[in-house]
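Comments concern the structure below.
The values are calculated or read from the model by the stated rules, or taken from the named source; none is laboratory data. Since this is a predicted model, take the numbers as computed values, not measurements. Positions of Cβ are generated from backbone atoms using ideal geometry, with glycine treated the same way; all protein chains shown enter the neighbour counts. The protein model used for the area step is the full one, side chains on, heavy atoms only, and it has no ligands, DNA or RNA in it. Shrake-Rupley method; radii C 1.70, N 1.55, O 1.52, S 1.80 Å.
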Amino acid sequence: MGQGYVACKASQLTLDVLYQLIKNDISLKDTLNSINALLKIKNQGDMYTTLDLLDFNLISARVKVIKYGACDSFLIRDHKIDVITSHSLPVGMSGSLKILSYDMKLKKDDIFIMTSDGVGDDFLRILETHKEKISQMEIYEISSFLYNKALQEKNLDDMTLLVLKVVQRK
């Protein structure tokens, strides 16, 4: 969260600790609480980061989304868009974290999109305007198309787009 060297370090620390703890079979709840405590200790509450997690089970097609201060995510299903919003502070700002997650089963042709704030305030409008076209695209086309549309809106901030499309295995 933020910009420059300090923000980069907070993000990298968060990712490194998250990766190591999950890799070592530490529960997600304990992992998130550890990261929260570490960020609070590291800089007396001035170091925090947004966190946007997606756990997708390939066998059951279930997805769990956990958001702390993160930008909205979007589910496009049958030409309708559901907005998944964060209702939590960023990690490192609060003494304790309450895990709020969205659990859902994805269906064939669902498109799930996670973004950073760099996509701009008009991203939902972009999705609404182009949802039928996006639904017909291949996955690599969707991410390029959305990236270019966000750039056309004069969003010159750093931008991250994660696009997941459920397809049937052949």
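Only one entry in 37, 70 is assigned to a loop (DSSP other than H, G, I, E, B) and among the small types (Gly, Ala, Ser), namely 70.
Restricting 60, 96, 34 to residues that are small (Gly, Ala, Ser) and open to solvent by 80 Å² or more (accessible area, probe 1.4 Å) narrows the list to 96.
The single condition among (1) in a strand (DSSP E or B); (2) of a type in the set (A, V, I, L, M); (3) without any contact (Cβ under 8 Å) to a residue 24 or more places away in the chain that residue 59 does not satisfy is (1).
Could you list, in sequence order, the residues of region 144-153 that are closer than 17 Å to residue 117 by Cβ and assigned to a helix (DSSP H, G or I)? Break it down stepwise before answering.
So the first thing to find is which residues in region 144-153 are closer than 17 Å to residue 117 by Cβ, and the list is 146-147, 149-151, 153.
Matches in region 144-153: 146, 147, 149, 150, 151.
When restricted to residues that are open to solvent by less than 40 Å² (accessible area, probe 1.4 Å) and not small (Gly, Ala, Ser), region 72-85 contains 5. Here are the criteria: (1) open to solvent by less than 50 Å² (accessible area, probe 1.4 Å); (2) closer than 24 Å to residue 84 by Cβ; (3) free of Cβ contacts under 8 Å to residues at least 60 places away in the same chain. Tell me which single one residue 19 does not satisfy. Among (1) open to solvent by less than 50 Å² (accessible area, probe 1.4 Å); (2) closer than 24 Å to residue 84 by Cβ; (3) free of Cβ contacts under 8 Å to residues at least 60 places away in the same chain, residue 19 violates only (1).
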